[in-house]
1. Could you give me the residue pairs with C-beta distances under 8 Å whose first residue belongs to segment 51-72 and is within 16 Å of Ile115 (Cα to Cα) and free of Cβ contacts under 8 Å to residues at least 24 places away in the same chain, whose second residue is surrounded by fewer than 18 Cβ atoms within 10 Å (Cβ to Cβ) and of a type in the set (Ser, Thr, Tyr) wherever it lies, and which are 6+ apart or on separate chains?
2. Just for strands (runs of 3 or more DSSP E) wholly inside segment 1-54: which have at least 3 residues that are within 18 Å of Ser126 (Cα to Cα)?
3. Being exposed (fewer than 13 other Cβ atoms within 10 Å of the Cβ) and assigned to a loop (DSSP other than H, G, I, E, B) is the filter; apply it to segment 87-110 and report the residue that is nearest to the chain's Cα centre (by Cα).
4. When segment 43-80 is examined, which residues are found to be among the hydrophobic types (A, V, I, L, M, F, W, C) and more than 12 Å from the chain's Cα centre (by Cα)?
5. For segment 125-137, indicate whether the set of residues that are within 21 Å of Leu47 (Cα to Cα), surrounded by 14 or more Cβ atoms within 10 Å (Cβ to Cβ) and of a type in the set (A, V, I, L, M, F, W, C) is non-empty.
6. May I ask you to verify whether Gly18 is surrounded by fewer than 16 Cβ atoms within 10 Å (Cβ to Cβ), modelled with pLDDT of 95 or more and over 22 Å from Pro131 (Cα atoms)?
7. Going by the conditions given, is Glu36 without any contact (Cβ under 8 Å) to a residue 12 or more places away in the chain and out of contact with any Ser or Thr (no Cβ under 8 Å at 6 or more places or on another chain)?
8. Regarding Ile58, is this residue part of a strand (DSSP E or B), more than 20 Å from Thr9 (Cβ to Cβ) and among the aliphatic types (A, V, I, L, M)?
Amino acid sequence: MKLDTAAMTVDLKSLSMGMNSACVAFPLESVDWHLEGILPAAGEGVLDIQIDLGERNIVCTGSLEADFVIECARCLEPARFPVTAEISRVYSSDYRILEETDAVPIIVEDGGLVILDALREAIDLSVPSKPLCSPDCPGISYN
């Protein structure tokens, strides 16, 4: 399986029918995440992905392990948080499946299946409700 980690697209021509899998380490800063208020931390992320290619459906599952940075809820300084997120997305070209399930249309750019939205969703769901830079953060100091 060929995966463009900068664009987070899977080359459909590199897949065989049935189950395909890959585990890829990639620089987090190479991806244009477009996550509001969330930035990638310096370093690498690891994407473990399985893609089940069918005639009209593509089932994408796996996990993402990476570190991101968000504003601390108390002091507003950067707070690093780890993401270990499960990815699950069904892509389909069958309008009946699209109407009856939470499947999304297959979007292909330059011969690649775009999986970036599934990763963004997994990251968004992993953000702590009150991110802290440290457990004992005293909050904003007015010295």
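1. Every condition considered, the pairs that remain are Glu65/Thr84.
2. Because the criterion is at least 3 residues that are within 18 Å of Ser126 (Cα to Cα), the strands (runs of 3 or more DSSP E) in segment 1-54 that meet it are 44-53.
3. Asp102
4. Ile51, Leu53, Ile58, Val59, Val69, Ile70, Cys72, Ala73, Cys75, Leu76, Ala79
5. yes
6. yes
7. Considered against the rule, which asks whether it is without any contact (Cβ under 8 Å) to a residue 12 or more places away in the chain and out of contact with any Ser or Thr (no Cβ under 8 Å at 6 or more places or on another chain), Glu36 comes out as yes.
8. The answer is no for Ile58.
The values are calculated or read from the model by the stated rules, or taken from the named source; none is laboratory data. No experiment lies behind these values; they were computed from the predicted model shown. Glycine gets a Cβ as well: all are built from the backbone with ideal geometry, and neighbour counts include every protein chain shown.
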